Amino acid sequence: MHYYFLAASLPDIELGQEPELSFSALMLLFHENLSKSDLADINRLRWLIDIENVRKFIRDQPLNPFGLLTRKEIEEALLNRTLFPDYVFDILDQGEDHFYKIYLAFFRTEATAEKGFLKRYFTFERNLRLCLAAVRAKNVGRDLSKELADADQTDFLVRALIASKDASEPDFPFELRSLHDLVKNLSDDPFEQYCEITRYRFKKIGELAKDYPFSLEALMIYTLRLMLAEEWYYLNEEEGQKRLNALIHHKETA
């Protein structure tokens, strides 16, 4: 299904500028105009955020507002072991130090089962996170083979990263060489690191497009980019430093 009027009416998004349309207003538009199945696909983009919010709930931190579930819903889900896949609860039973395994399980199961744009996006996000984890491990002198021991050992990217564990830098696949160049030159300033990686995400998400500009795929890309732009705008150094430090810590340990 195509959404000509809706897609054409959405304002442009620019990183660093306050979005003309808020994320909550966009979701309201989607609820009013999208079919149930297309709205469900939009909501699946937010699954990873709900997983992140489980950790934030456990740590009694403010939740990411882009998630689907409220704090109360997450509390009830953890209490009754509902809403999330069984592996989430099984891994949580092992302790918070094992939380990163939930992401690995997500990308190995739900993400793998997706099709079309959702599959391309989750593959991109998985590869990005693996490469960033490899670079951070290298920078602090950790053994990559141990850091990625719980990842899928049959996966090409995982094998390539582990094979380069004794090299001066991790071996990124060709399609991620631009990420490699970016992380090599990252500033030591956490806010600058966040900005550079967000710019990369913003650009690459747009390059995942393979469908018409008025398609559901275009709306998915707009949704992801709006989340990045809105987070960037409100996560400034003065008002958002505490949230930024928590975000960076999470990304380093995910």
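Structure data summary
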quantity	calculated
Top-ranked residue in region 133-160 [being in contact (Cβ under 8 Å) with a residue 40 or more places away in the chain and within 14 Å of Arg108 (Cβ to Cβ); ranked as surrounded by the fewest Cβ atoms within 10 Å (Cβ to Cβ)]	Asp150
Pairs, first at positive phi in region 110-124, second outside any helix (DSSP H, G or I), C-beta under 9 Å, six or more apart	Gly116/Lys210; Gly116/Asp211
Every residue from region 119-142 that is assigned to a helix (DSSP H, G or I) and of a type in the set (Val, Ile, Thr)	Thr123, Val135
Residues of region 161-186 classified as within 26 Å of Thr109 (Cβ to Cβ), surrounded by fewer than 16 Cβ atoms within 10 Å (Cβ to Cβ) and modelled with pLDDT of 80 or more, total	1
Residue check, Lys210 out of contact with any His (no Cβ under 9 Å at 6 or more places or on another chain), of a type in the set (Lys, Arg) and either modelled with pLDDT under 80 or surrounded by 14 or more Cβ atoms within 10 Å (Cβ to Cβ) (or both)	no
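The values are calculated or read from the model by the stated rules, or taken from the named source; none is laboratory data. These figures come from a predicted structure and were not determined experimentally. Reconstructed Cβ throughout: ideal geometry from the backbone, glycine too, with neighbour counts over all protein chains shown.
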